[in-house]
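Visitor: Below is one structure. I have some questions about it.
Each value in this text was obtained by applying a stated rule to the coordinates, not by laboratory testing. As the structure is a prediction and not an experimental result, all values here were calculated from the model. Here the Cβ is made from the backbone with ideal geometry for all residues, glycine too, and neighbour counts use every protein chain on show.
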Amino acid sequence: MKFDAEVSALQRTPMFQGVDASRLRLLAFMGEDRTFRSGEYVVRQGDISDSAYLILDGEAVVEVSFSGRATTVATLGPSEVFGEIAMLCETPRTASIRAAGELRTLMFEREGMLRLLREFPEMAIEMARSLAQRLERTTTELAKLRAETEASGGDGSGSGAGS
């Protein structure tokens, strides 16, 4: 049946695990299948955001630029979502996403996603839960890095004694 692979990927996504399959089928129907070549950017840090993506096949590299230097901060794989924070908050993209090989995604535009979240509040609750868990992980990682920096004699500001 059409959209079975997309619905299956949505069901494996933490953000949508508690959502009824019929609603996931509707979400899959609303998505646009997009494929990217190895090294191709899906989104760039600072761009205006109007969409989120679900990875169906392949991997993507998450890069954050600071002071003109790009750093890889994560690798995403099948059933992972990116772009939802900037899409929901209407803020510029916080990172660049680059295909690490052939990458197949399902793209969701802001208006359609917001309409679904209004119609099916349980989807909004699952999305909020997923975002809160991601924020908790990020905060823990930041605290760990800060503690490591302070333990090594740095002040966390990037201006060490030799600067």
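Visitor: For a Förster distance of 22 Å, can you work out the FRET efficiency between the beta-carbons of Ala132 and Asp50, rounded to the nearest 0.05?
Guide: 0.40
Visitor: Looking at segment 49-127, which GluC sites (Glu not before Pro) are in a loop (DSSP not H, G, I, E or B) and have at most 11 other Cβ atoms within 10 Å?
Guide: Glu90
Visitor: Calculate the dipole size of the chain relative to its Cα centre from +1 charges on Lys and Arg beta carbons and -1 charges on Asp and Glu beta carbons; express the result in debye to the nearest 20.
Guide: 40
Visitor: Could you compute Rg(Cα) / (2.2 N^0.38 Å) for the chain, with N its residue count?
Guide: Dividing the Cα radius of gyration by 2.2 N^0.38 Å gives 1.16.
Visitor: Do you know the relative contact order of segment 4-151, to the nearest whole percent, from alpha carbon pairs under 8 angstrom that are 6+ apart? Show your work: numbers first, answer last.
Guide: On the way: 264 pairs, mean separation 45.8, N = 148.
Rounded, it is 31 percent for segment 4-151.
Visitor: Nearest 10 degrees is fine. How inclined is helix 21-30 to the longest principal axis of the chain, computing both from alpha carbons?
Guide: 80
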